[in-house]
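What follows is a short report on a single structure.
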């Protein structure tokens, strides 16, 4: 049994989770939703075990380090954070329809990590630049932020779909949480994500200062994280100070997540210092 | 905030800078323009830009400072606009909330509590007087400030906490200003430079990145040793330089630096950033004579000419090159020398380190190869001084703390209103908050539940 196999199995569990959530929603089978929740828990367990095992395996290879050092490992951690946050929301808001959009995101992230031929899943030793205690703090906080924004994005999509159908003629959409709840949840997730994105950028800056002697260098990835920060800062100010709600907030949250994706994957196309997060050539 | 008696111009300028519309505009403008610099590589050579964009667009981009856009006047102007906006907005709103935050006796408005939907009511078989004691001790336990007041319908016990959390948002704004201030201090009083030090050598100055000028340090740095270690896969594992700081020729401080662990001395930081190889001072040659089959070893210093055995001539060591290309192939590090045999014309020799039999191809009277040499490295150091970094770090801490307080804490006020109706009393718990209504709703439910239990228990007694 090794981490790669466990994580591959977890991918399929997440796929099943997404399928069950959507099935329960379309055919209105509460039992299927409970199954979906159970599958999400199993997936979460597998994902956790996969991460821990990979950590242990790296020590067995004598190159021990936290499994947060390349694109594969970051995607695995990304889907883990999404599922953790989602399970928390489901528990708190007692609504399982959000799962129809969030669980596919977790599934896609892990499927991309496991199945894409461009992503190397071998455990590699750390480059000298990555050997720092800031690695864990920086990557973990960034990805908690990304996961919160991913969920906010999913909820915003649901908001826009539900808003298109104000008289509840479509019975599928009527099972979404109320518009107010979706709006409030987006806001909550964005605040949570914004705090962690800020901490992520800050820990990255402190790390850069101890590795290269400068806390900010307008490296493309740095700049994109700042662009993301600007977009969500705009959202928060528009909402709290200008009273923006609903549709416009949902749109900003979707644009914000676009910036998150670009921050995450742009290293593949733009030159810069974050190349260890890129695909192996 | 309109100032009485100030000029209309002042007022309109103040209003312009205190508008949230400006905030939204500046934030989005910064976001959109920042994209440019991530798509067009910054600070490359003009020739590369001309090749990529053509002469015409190169000129346009050049005029707009696109090639160093984060330091362009228009980008800096956006940042200055943001700072003005933040400062003016904060002053504008803080003058209004200041009186709310720093008040000795907070004012509670009963009708506000009666209006809110966040309330719970219960009826108990107890007199108001006994309930008052229970409620006020409960309030005092849960809130930093509490007070009992007599109102038209009975008694109200007010409690509140988190008044100070209203300052959270101003803390975040202050942190942004500190970050930019720290950046400004750094760019005015700091520098960024680099220096290469060969093993065993000492330097007293560095080169600045901004204008490539020489910048003298107030001390000297010696590189005692440089080492690279590799993983089994051949990937580099560690770059390590042993550095000694000298003052007036005397060693005062020594440290091994690696990436992520710099040397800091008198406000100047030295970071491991690159390395390279240097030609060794001397090498040992293998000379194999074809006539006798004998092997000889000879040491030769750069630029020196040595006599080869068996009358094979003289050899001069001229040069060292890394990544030498031979018939289109990179054959790695090579030594270049000249062989002069008797009165023949001199022959240029290429002696690759990795291929000892290479010289056989020459079909001469002897085969020369490099037997051994001491590899010399230089360490490449990034040298910085940034007196603004502490201002930035304080900004970082304030930003995290401020965001947390702003997003997840609130100024909560609770009111327990007790109305007597004969032997019964009616208790209403209600709460208001400046934000995060969910939390205050929970608090109301919790207090009401505790009261229910407390009053039930006392009944049994």
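Where a number appears in this text, it was derived from the coordinates with a stated rule and is not lab data. Computed from a prediction, not measured in an experiment: that's the story for all the values here. All Cβ positions, even for glycine, are placed from backbone atoms using ideal geometry, and neighbour counts span all protein chains on display.
Which whole-angstrom value gives the distance between the alpha carbon centres of the stretch B:150-176 and the stretch A:163-234?
Using only Cα atoms to place each centre, the spacing works out to 28 Å.
Could you grab the Rg to Rh ratio for the stretch B:312-461? Cα atoms only, Kirkwood for Rh.
With Rg and the Kirkwood Rh in hand, the quotient comes to 1.76.
Averaged over peptide A:50-60, how many Cβ atoms belonging to another chain are found within 10 Å of each residue's Cβ?
The mean count of partner-chain Cβ atoms within 10 Å per residue comes to 0.
What FRET efficiency do you get for residue B:15 and residue B:248 if R0 is 56 Å and r is their Cβ-Cβ distance, rounded to the nearest 0.05?
Result of the calculation: an efficiency of 0.35.
Where the convex hull is taken over the Cα atoms of the stretch B:79-149, what is its projected area averaged over directions, in nm²? Don't skip to the end; give the middle numbers.
Values: hull surface 31.3 nm².
For the stretch B:79-149, the mean projected area of the Cα convex hull comes to 7.8 nm².
State, to one decimal in nm, how far the label point of residue A:59 lies from the label point of residue B:110, with both points 7 Å from Cα in the Cβ direction.
6.5 nm
From zero outward in steps of 5 Å, how is the percent of C-alpha pairs of the stretch B:407-461 spread across the bins?
4, 18, 22, 20, 15, 10, 6, 3, 1, 0
Determine, at each q value in 0.18, 0.19, 0.20, 0.22 (inverse angstroms), the log₁₀ of I(q)/I(0) that the Debye formula gives when each Cα of the stretch B:1-87 is one equal point scatterer.
-0.80, -0.85, -0.90, -1.00
Could you tell me the center-to-center distance, by alpha carbons, between the stretch B:202-221 and the stretch B:410-441 in angstrom?
68 Å
To the nearest µm²/s, what D does Stokes-Einstein give for the stretch A:127-281 at 37 °C and 0.692 mPa s, using the Kirkwood radius over alpha carbon pairs as Rh?
197 µm²/s
For the stretch B:76-235, what number results from the quotient of the Cα radius of gyration and 2.2 N^0.38 Å? Numbers along the way, then the final one.
Numbers: Rg = 31.5 Å, N = 160, 2.2 N^0.38 = 15.1 Å.
That works out to 2.08 for the stretch B:76-235.
For a protection proxy built on the mean count of beta-carbon atoms within 10 angstrom, sort B:55-64, B:13-22 highest first, please.
Numbers: B:55-64: 12.5, B:13-22: 15.7.
The packing order, highest mean first, is B:13-22, B:55-64.
Take every Cα-Cα distance within the stretch A:1-101, group them into 5 Å bins from 0 onward, and report for each bin the whole-number percent of pairs it holds.
It works out to 3, 13, 22, 21, 15, 11, 8, 4, 2, 1, 0, in whole percents.
Give me the tail of P(r) for the stretch B:282-374 as a percent: Cα-Cα pairs with distance above 16 Å.
On the way: 2186 of 4278 pairs.
When all Cα pairs of the stretch B:282-374 are counted, 51 percent exceed 16 Å.
With the crude spin-label approximation of a point 7 Å out along Cα→Cβ, what separation in nm comes out for residue B:408 versus residue B:44?
Placing both labels 7 Å along Cα→Cβ, they lie 4.4 nm apart.
Regarding chain A, what's the average projected area of the Cα-atom convex hull, expressed in nm²?
15.1 nm²
Take each of the peptides A:136-142, B:321-327, B:416-422, average the number of other beta-carbon atoms within 10 Å over its residues, and list them starting from the highest.
In decreasing order of mean packing, A:136-142, B:321-327, B:416-422 become A:136-142, B:416-422, B:321-327.
P(r) of the stretch A:33-148 in 10 Å steps, Cα pairs, percent per bin?
Spelled out bin by bin, the stretch A:33-148 gives 13, 43, 30, 12, 2 percent.
Can you give the average number of partner chain beta-carbon atoms within 10 Å of each beta-carbon in peptide B:397-407, as a whole number?
Working: counts 1, 0, 5, 7, 0, 2, 8, 4, 0, 5, 8.
Counting other chains' Cβ atoms within 10 Å and averaging over B:397-407 gives 4.
Sort B:152-158, A:15-21, B:280-286 for me by packing, meaning the mean count of neighbouring Cβ atoms within 10 Å per residue, highest on top.
Working: B:152-158: 18.7, A:15-21: 22.6, B:280-286: 16.6.
With the highest mean Cβ count within 10 Å placed first, the list reads A:15-21, B:152-158, B:280-286.
Return the Rg/Rh ratio of the stretch A:151-221 with Cα-based radii and a Kirkwood Rh.
Numbers: Rg = 19.1 Å, Rh = 14.7 Å.
Answer for the stretch A:151-221: 1.30.
Which value, in Å to one decimal place, does the Kirkwood hydrodynamic radius take for the protein assembly as shown when every pair of different Cα atoms is included?
The answer is 31.5 Å.
Counting just the Cα atoms, what span does chain B cover along each of its three principal axes? Round to the nearest Å and put the largest first.
That works out to 132, 65, 47 Å along the principal axes.
Distance from the Cα centre of the stretch B:48-106 to that of the stretch B:274-345, in angstrom?
Taking the Cα centre of the stretch B:274-345 as reference, the centre of the stretch B:48-106 is 61 Å away.
Shielding of B:87-99 by partners, i.e. mean partner chain Cβ atoms within 10 Å per residue?
Working: counts 0, 0, 2, 0, 0, 0, 1, 0, 0, 0, 0, 0, 0.
The mean count of partner-chain Cβ atoms within 10 Å per residue comes to 0.
State the volume of the convex hull built on the alpha-carbon positions of the stretch B:147-246, expressed per residue in Å³ and rounded to an integer.
276 Å³
Using the basic label-point model (7 angstrom from Cα toward the beta carbon), what is the residue B:149 to residue B:99 distance in nanometres?
So the label points at residue B:149 and residue B:99 sit 1.6 nm apart.
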